[in-house]
Amino acid sequence: MRRGRATAWVGGVSVLLALTACSSPADDTAEEDRDEVVVEDTADGVEVPAECREAYAYAAAGGSLDDIEALPDGWPAAPGGSTLCVTADGGSVETASYVTAAPIEEVLAYYERELAGDYEVVRVDGAENGTGYDSLDGSGEAIGFQIRESDGGFVIAFVGGDESEGEEQ
């Protein structure tokens, strides 16, 4: 029964994440000009780190995990060598996008270890989750999440709210 609840969260997160991944605006900056782009301070003072510009060329501002309302207390820090590039907050899905040189298998294994015991997690094949990328999908009390590969790094999508209300535990 618990796998069924995680699978339901996986389905919802996968569809929403696949839709948001497809909606990134095209990058009009020529490849040779990309290194010349200077990111100015934003209203909240968060800049896009230089190492993020290639993977997240569309990002107008950097990110802060403080902006993710669905981020659970005690959520583990990103694996060493990862840089938070951009966050998208508000709405039904909130995301944190990172760059890293680590293979996605290492990233997923890291989170699988760190989240064990606190969350129900399952590895999902990219064809099954609809994103084309393998992922670690999970759920806990009032939270669902998916961690999946993106170009140059990984994305964590959080879905808040108690979707399990009314289900047998």
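Key figures
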{"quantity": "Leading residue at positive end of dipole, the range 69-169 (Cβ point charges), from Tyr111, Val86, Gly144", "calculated": "Val86"}
{"quantity": "Amide H within-cut-off set for Gly153, under 5 Å, with H built and near neighbours excluded", "calculated": "Thr100"}
{"quantity": "Cut-off under 5 Å, modelled amide H: who pairs with Tyr119 long-range", "calculated": "none"}
{"quantity": "Rounded, prolate or oblate (a/c below 1.5 giving rounded, otherwise prolate when a/b exceeds b/c) for the range 79-141 by Cα gyration tensor", "calculated": "rounded"}
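Read-outs throughout are calculated quantities, based only on the coordinates presented, and are distinct from any laboratory measurement. This structure is a prediction, so every number in the text was calculated from the model and none was measured. Ideal geometry is used to build each Cβ from the backbone, glycine not excepted, and the neighbour counts take in all protein chains shown.
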